[in-house]
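One structure is given here, and the rest of the page talks about it.
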Amino acid sequence: IDDSLNRYAFVVPTIPVLADTFVCAGDTLRYQLPGQYIYEWTPGSKTQFLVPEQTGVYTLTATDKLGCFSRQQATIEVRKPNVSFTINSVQGSHKIDCVADDQNLDSYLWWVNKDTFSGGVIFPVIFTQNGNQTLKLSTTDSLGCSAVESKIHPVNSLPNDDVGFSVYPNPAVSYFYI
């Protein structure tokens, strides 16, 4: 019996079955087999790391240094909560209600300029200054995925204070110079 061919036996890489899963938008999946392999995700990167951009079927190919390969597929759901919000005027542009478009999320964190407020679906705001104001909403869904959206809101409905002064009693008879 000639067993000399056994010296050249090839071991095909074995990728365990990839389970269908979900990731939060922007998260990274990492897959590593014992040993040295070249990884390729389709669609995606040519590394063991994958940052899925949209929900779909992804294929992982692991190739060893001899060119032997194995493939597996999985459906990956990319989750991103609907973080959009609407600005409703209550009184002019200085008194508003911010309303989250998705009312079924687990948390709502609102920012007004640099101040942070834990709130609900509706967040009332009263501005005390004219000018551009930054509004931001961060939401988290039931699986822990979060997203942030910001908007610039121009406030121009506050009355301008008159600039001037009065002098009492008037020290001049007809003219007063500064």
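Length gain on complete extension for the stretch T116 to L33, per 0.36 nm per residue less the alpha carbon to alpha carbon distance?
Numbers: separation 83, 0.36 × 83 = 29.88 nm, distance 4.38 nm.
Separation in residues times 0.36 nm, less the Cα-Cα distance, equals 25.5 nm.
On the beta carbon distance between T134 and F49, with R0 = 35 Å, the FRET formula returns roughly 0.55. Would you mind checking the range 100-131 for residues with the amide N under 20 Å from a putative spin-label position 7 Å along Cα→C-beta of C24? Hits in the range 100-131 for C24 at 20 Å: 100-111, 116-121.
Taking the Kirkwood radius as the inverse of the mean 1/r across Cα pairs, report the Rg/Rh of the range 45-135.
Details: Rg = 22.5 Å, Rh = 17.3 Å.
Radius of gyration over Kirkwood radius for the range 45-135 works out to 1.30.
Of the heavy-atom accessible surface of the range 43-85 (probe 1.4 angstrom), what whole percent is carbon and sulfur? The computed percentage sits at 50.
Note on the range 12-71: along the principal axes its Cα atoms extend 35, 19, 18 Å, ordered by decreasing extent. Electrostatic tally near Y39: other residues with Cβ closer than 15 Å to its Cβ, Lys and Arg +1, Asp and Glu -1, net +2.
The values are calculated or read from the model by the stated rules, or taken from the named source; none is laboratory data. Just so it is clear, the model here is predicted, and its values are computed rather than measured. As a convention, Cβ positions derive from the backbone with ideal geometry for all residues, glycine included, and neighbour counts pool all protein chains shown. These area figures cover heavy atoms from the full protein model, side chains too; ligands, DNA and RNA do not enter into them. Shrake-Rupley method; radii C 1.70, N 1.55, O 1.52, S 1.80 Å.
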